[in-house]
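A.B. asks: Below: one structure in structure tokens.
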Amino acid sequence: MLLESLGAGTGVYGAFQSYAARGLVLGRVAFAHRDRYRLITELEELEAEPSGALWFRSPDASAMPVVGDWVAARVVGPGQALVEAVLPRRTFFSRRAAGKREQEQALAANIDLVFLVCALDGDFSLRRLERYLTLAAESGASPVVVLNKADLCADPAGRIRQTAAVARDAPVLATSTLGGASMERLRDFLAPGRTVALLGSSGVGKSSIANALLGEECQATAEVRAEDGKGRHTTTHRQLLAVPGGGALIDTPGLRELQLWAGAESVDETFDEIAAAGAACRFRNCSHCGEPGCAVREALDEGMISADRWQSYQKLRSEAQWHERLTEPLRAHEYKRWVKSVHKAQRKARKK
């Protein structure tokens with residue numbers, strides 16, 4: 001019952017069936033730091049690390065267990081286990097690793113809803129929100145935009161209107177952890193079997209929201225710096241927390257840098273009004289830079305698409321296309337490895 005309340009459904013149990021026959025236990029990763037994990041199982045919590053076989057089979061770091069993953073683990077002692085396999089992920093939230101490396105950094109897995117938290121103070125940025133929405137579209141999780149610290153904003157209704165124009169179909173809520181009905185509206189998104197993750201920059205109040213939703217001080221909090229209004233890293237690792245009454249909440253450290261690990265289709269999903277206009281252009285390969293019959297230029301001239309949205313779209317789509325070009329050889333290499341493994345299995349079957 002515990003694992004079902006945390007989101008284990010028929011898909012998870014079906015994927016785990018073959019491991020259960022080998023005496024392994026089903027668990028969900030509640031904490032992950034490098035190669036150390038804490039697993040929630042039906043009977044107890046286990047401290048775990050990856051098995052050698054899992055290290056060998058994983059093509060890169062993003063395939064290793066992250067918070068939210070369902071795993072098959074072998075109990076090797078009192079409260080100790082080895083993670084033998086990561087079950088297939090329904091959704092996967094990741095970004096490009098900080099710096100110049102073309103490497104995927106996993107943030108969380110198997111998320112149903114993601115609260116994209118922005119603070120209504122001097123650090124508010126619609127352009128940053130567009131990046132979060134693009135990564136949410138790539139992950140497969142449904143976004144909810146949370147405008148926190150509404151008590152510090154002189155015109156929260158105006159900010160909601162601005163944000164709704166960017167968020168498109170995603171719900172937009174203004175909240176304050178100081179009290180009021182706003183937290184109750186957020187609680188409505190929590191439910192047994194549903195996993196919700198909190199994502200946002202440092203200092204936007206993610207941990208304060210987590211404490212308010214859980215009804216206790218589970219996460220450490222701190223005031224933003226007075227000199228520049230920037231947040232402090234009080235949450236230093238990702239953690240899955242059980243919600244009273246069922247469900248799970250994942251709190252994450254603030255993201256100082258948010259580089260895309262997403263394709264151009266996810267950018268088009270975030271900027272659907274621009275993508276829709278582009279589909280109506282006369283030429284399929286229209287660059288929107290002056291060709292005759294360009295529907296995007298017409299929408300810009302008529303004010304149906306704002307100049308800020310257009311510039312942001314161009315920047316993010318260029319970034320996504322660059323990412324696709326760089327990672328294409330990696331995907332081709334993975335495909336060749338898969339084909340090789342299939343052929344090897346076929347040869348073994350013929351010998352038998």
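A.B. asks: Scanning region 299-310 for residues that are touching a residue at least 12 places away in the same chain (Cβ under 8 Å) and not in a loop (DSSP other than H, G, I, E, B), which turns out surrounded by the fewest Cβ atoms within 10 Å (Cβ to Cβ)?
C.D. replies: Selected residue: ASP308.
A.B. asks: Residue check: is VAL83 assigned to a strand (DSSP E or B), over 20 Å from ARG238 (Cβ atoms) and touching a residue at least 40 places away in the same chain (Cβ under 8 Å)?
C.D. replies: Here the answer is no, as VAL83 does not meet what is asked.
A.B. asks: Going by what's in this entry, would VAL172 be described as farther than 26 Å from MET304 by Cβ, touching a residue at least 24 places away in the same chain (Cβ under 8 Å) and under 19 Å from the mean Cα position of the chain (by Cα)?
C.D. replies: no
A.B. asks: List every residue pair whose Cβ atoms sit under 9 Å apart, with the two residues 6 or more apart in sequence or on different chains, where the first one lies in region 55-69 and is in the same structural domain as ARG28 (by TED's automatic domain parsing) and buried (at least 17 other Cβ atoms within 10 Å of the Cβ) and the second, anywhere, is part of a helix (DSSP H, G or I) and of a type in the set (A, V, I, L, M).
C.D. replies: Filtered contacts from region 55-69: MET64/LEU54; PRO65/LEU54.
A.B. asks: Conditions first: (1) surrounded by fewer than 14 Cβ atoms within 10 Å (Cβ to Cβ); (2) under 20 Å from the mean Cα position of the chain (by Cα). ARG28 passes all but one, so which condition is the exception?
C.D. replies: (1)
A.B. asks: For ALA191, are the conditions met, namely being surrounded by fewer than 21 Cβ atoms within 10 Å (Cβ to Cβ), within 23 Å of GLY140 (Cβ to Cβ), among the small types (Gly, Ala, Ser) and modelled with pLDDT of 90 or more?
C.D. replies: yes
A.B. asks: Something else about it: Looking at this structure, is LEU186 closer than 13 Å to LEU147 by Cα and modelled with pLDDT of 90 or more?
C.D. replies: So LEU186 fits the description; yes.
A.B. asks: Do we find that ALA279 is closer than 24 Å to THR134 by Cβ, aliphatic (A, V, I, L, M) and modelled with pLDDT of 80 or more in this structure?
C.D. replies: yes
A.B. asks: Can you tell me how many residues within region 1-44 are in contact (Cβ under 8 Å) with a residue 12 or more places away in the chain, part of a strand (DSSP E or B) and closer than 19 Å to ALA108 by Cα?
C.D. replies: Of the residues in that region, 13 qualify.
A.B. asks: On to the next question. PRO88: part of a loop (DSSP other than H, G, I, E, B) and either in contact with a Pro (Cβ under 9 Å, 6 or more places away or on another chain) or at pLDDT below 95 (or both), yes or no?
C.D. replies: Here the answer is no, as PRO88 does not meet what is asked.
A.B. asks: Identify, please: which residue in region 121-159 is among the basic types (Lys, Arg) and in contact (Cβ under 8 Å) with a residue 60 or more places away in the chain and is, among those, surrounded by the most Cβ atoms within 10 Å (Cβ to Cβ)?
C.D. replies: Ranking the candidates gives ARG131 first.
A.B. asks: Against the conditions (1) of a type outside the set (Lys, Arg); (2) modelled with pLDDT of 90 or more; (3) assigned by TED's automatic domain parsing to the domain that holds SER207; (4) closer than 20 Å to LEU129 by Cβ, where does LEU240 fall short? Just the number, please.
C.D. replies: Of (1) of a type outside the set (Lys, Arg); (2) modelled with pLDDT of 90 or more; (3) assigned by TED's automatic domain parsing to the domain that holds SER207; (4) closer than 20 Å to LEU129 by Cβ, only one is false for LEU240: (4).
A.B. asks: With the condition kept exactly as written, say whether any residue in region 104-115 is more than 30 Å from ALA20 (Cα to Cα), surrounded by 23 or more Cβ atoms within 10 Å (Cβ to Cβ) and either modelled with pLDDT of 90 or more or of a type in the set (S, T, N, Q) (or both).
C.D. replies: Yes: one or more hits.
A.B. asks: Among (1) under 21 Å from the mean Cα position of the chain (by Cα); (2) modelled with pLDDT of 95 or more, where does ASP35 come up short?
C.D. replies: Unmet condition: (2).
The values are calculated or read from the model by the stated rules, or taken from the named source; none is laboratory data. In this text the structure is predicted, and so the values were computed from the model without any measurement. Here the Cβ is made from the backbone with ideal geometry for all residues, glycine too, and neighbour counts use every protein chain on show.
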